[in-house]
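The values are calculated or read from the model by the stated rules, or taken from the named source; none is laboratory data. All values derive from a computational prediction rather than experimental measurement. Don't worry about glycine lacking a Cβ; one is built from the backbone with ideal geometry, like all the others, and counts go over all protein chains shown.
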Amino acid sequence: MSPVTLSDSAFSPLYRIGAVSNLCGVPVATLRVWERRYGVVEPPKTEGGQRLYSESDVLKLTLLKNLTQQGHAISSIGNLAVSQLQAMLNEHRAARSMQVDAPTIPASISVAVVGYSLASRIETEKFTQVFGQQSTLKINHVFSDIKHALASPSTEAPDVLLVQMGSVQVSFKEDLHKLRQHLGVRRCVLIYHFATVAVLQFLHSSGVIARREPVSDVDLSEIIQSIVYVDNSWTLPVTGGGSTIPPRKYSDKVLRRMADISTNVLCECPHHVADLISMLNSFETYSQDCLSNSTQDARLHSYLTAVSGTARAMFEQALERIALHEKIDLSENMVGANLRSV
């Protein structure tokens with residue numbers, strides 16, 4: 001397992017002890033005993049004597065709570081690092097998943113998480129119960145933010161990248177693309193509060209599942225499982241020499257112009273190819289919206305999104321071959337402007 005590293009920002013005090021108790025599921029009295037006897041965390045105090053816990057404190061306390069329920073004594077694990085605690089919990093979950101006879105479902109789903117509060121959430125017993133017993137989550141990377149993730153070494157490619165952000169800016173598009181390449185992960189789920197339509201459309205076309213808060217544990221669990229199950233149930237054709245479905249290349253305007261022009265090809269192929277791409281664009285968007293807006297049949301919609309996106313990318317390649325043969329410029333404002341003379 002790759003080490004779970006913590007940046008300086010993860011240590012900024014944010015929570016009072018009552019909030020921490022609710023987040024990690026450990027009674028306030030127990031938290032105080034753990035701190036006083038075993039020094040599991042050392043939160044600073046306000047002038048009034050109130051403890052202030054960081055997001056990394058919450059994550060560690062959540063892990064400790066889970067491991068004590070597995071039979072570990074707090075006295076023996078209280079001083080371990082977060083990475084060690086995470087590894088121990090992953091081992092417990094791996095052993096448990098091997099007892100489940102479900103050959104079509106992966107026993108373990110590895111995830112990289114950007115956002116300590118999101119990591120703490122999916123480590124809670126409540127989320128584990130919602131996620132089910134057929135498969136377990138294994139966190140092999142936890143980062144405070146995108147910048148921290150890009151600066152960290154990557155030694156194990158996760159199955160899914162989970163990102164939590166408050167406000168999604170335009171620059172996030174490029175950063176997220178770099179991070180997916182850096183980690184070697186193609187499946188990505190973004191949980192956000194605010195984002196522009198343009199950014200969401202770009203992420204949508206890049207295969208990112210974006211959901212606005214609040215997102216329930218059931219919804220998040222369904223999304224994670226659906227985008228993993230699809231690749232274990234069906235084999236999709238590979239386009240462009242890679243495993244990630246390329247984003248949409250041509251606008252509706254370009255496709256309409258391509259469909260309307262006359263060419264030297266003695267058939268209706270150019271027209272039909274442009275129409276097929278338009279229909280696949282629409283169906284890909286429809287399937288993605290179904291996956292993003294409803295957990296019903298999420299696995300099927302994930303598959304349909306992947307299939308339609310792959311087919312659309314292949315027909316785009318076919319359109320480019322037609323355009324090359326006919327000497328047609330497929331740029332936004334040039335379709336039909338420089339056809340070869342008949």
Considering segment 107-161 alone, what residues qualify as being aromatic (F, W, Y), over 22 Å from H182 (Cα atoms) and touching an Asp or Glu at 6+ places or on another chain (Cβ under 6 Å)? F127
Among the residues in segment 116-128, are any basic (K, R) and within 14 Å of the chain's Cα centre (by Cα)? no
For L80: the one exception among (1) part of a helix (DSSP H, G or I); (2) more than 20 Å from R211 (Cα to Cα); (3) at pLDDT 85 or above: (1)
Scanning for something crowded, with 17+ Cβ neighbours inside 10 Å, in a helix (DSSP H, G or I) and modelled with pLDDT under 75, does segment 313-335 turn up at least one residue? no
Test result for M88, more than 19 Å from S144 (Cβ to Cβ) and at pLDDT below 65: no
Being modelled with pLDDT of 85 or more and either touching a helix residue (DSSP H, G or I) at 6+ places or on another chain (Cβ under 8 Å) or buried (at least 21 other Cβ atoms within 10 Å of the Cβ) (or both) is the filter here; which residues of segment 153-168 pass it? A157, P158, D159, V160, L161, L162, V163, Q164, M165, V168
What pairs come up if the first residue lies in segment 117-132 and is within 17 Å of I223 (Cβ to Cβ), the second is surrounded by fewer than 16 Cβ atoms within 10 Å (Cβ to Cβ) and hydrophobic (A, V, I, L, M, F, W, C), and their beta carbons are under 8 Å apart, counting only those six or more places apart or on different chains? V130/V218
The one condition in (1) of a type in the set (A, V, I, L, M); (2) closer than 17 Å to E326 by Cα; (3) at pLDDT 65 or above that V215 fails to fulfil: (2)
Reported set for segment 44-79 where residues are surrounded by fewer than 17 Cβ atoms within 10 Å (Cβ to Cβ) and among the small types (G, A, S) is G48, G49, G71, A73, S75, S76
